[in-house]
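Notes follow the structure.
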Amino acid sequence: MLGVPILSCVEIPAVREASGVASTICCYSYAVVTTSVTERLPLERQLAVEAMSLYMLVENEFREARADWNQNRFRRLMRLRPRVAARLRRRWEILNPQPRIPLGTLRRRYHPNIAGHLRD
């Protein structure tokens, strides 16, 4: 099972300079340590967990592509995302018994340009 790293950004207090106040933002990535619980689950639940992990990984990549302002990476992820969401939805629907928490909507507006996608 894939672990999605946790991103934490911290603003370091400002330093007075001649031109004004300057502060620094530092971002840290922490790896998630998990045990393999999926080996004890039935096959249909294992597939649902893998689909959810892939979906979360793609969503995390979206955040990083926006932070890097990487247009090509963003477009590739937007082309990949509908297939990942369809896989998750398909795996979620075959679970028996159904999970107590509904999956909800996985829709995202598509715009090939990062700036257009972020605009309301």
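The values are calculated or read from the model by the stated rules, or taken from the named source; none is laboratory data. Note that the structure is predicted; figures quoted are calculated from it, not measured. Quick reminder, even Gly has a Cβ in these numbers, built from the backbone with ideal geometry, and neighbours come from all protein chains shown.
Residues that are in contact (Cβ under 8 Å) with a residue 40 or more places away in the chain and more than 15 Å from residue 103 (Cα to Cα) were ranked within region 71-91; the one that is surrounded by the most Cβ atoms within 10 Å (Cβ to Cβ) is 74.
Residues checked against (1) closer than 20 Å to residue 27 by Cβ; (2) part of a helix (DSSP H, G or I); (3) in contact with a Ser or Thr (Cβ under 7 Å, 6 or more places away or on another chain); (4) at pLDDT 90 or above:
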site	(1), (2), (3), (4)
52	no, yes, no, yes
63	yes, yes, no, no
72	no, yes, no, no
77	yes, yes, no, no
99	no, no, no, no
102	no, no, no, no
105	no, no, no, no
109	no, no, no, no
115	no, yes, no, no
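For region 38-50, filtered to residues that are assigned to a helix (DSSP H, G or I) and hydrophobic (A, V, I, L, M, F, W, C), the residue that is surrounded by the most Cβ atoms within 10 Å (Cβ to Cβ) is 48.
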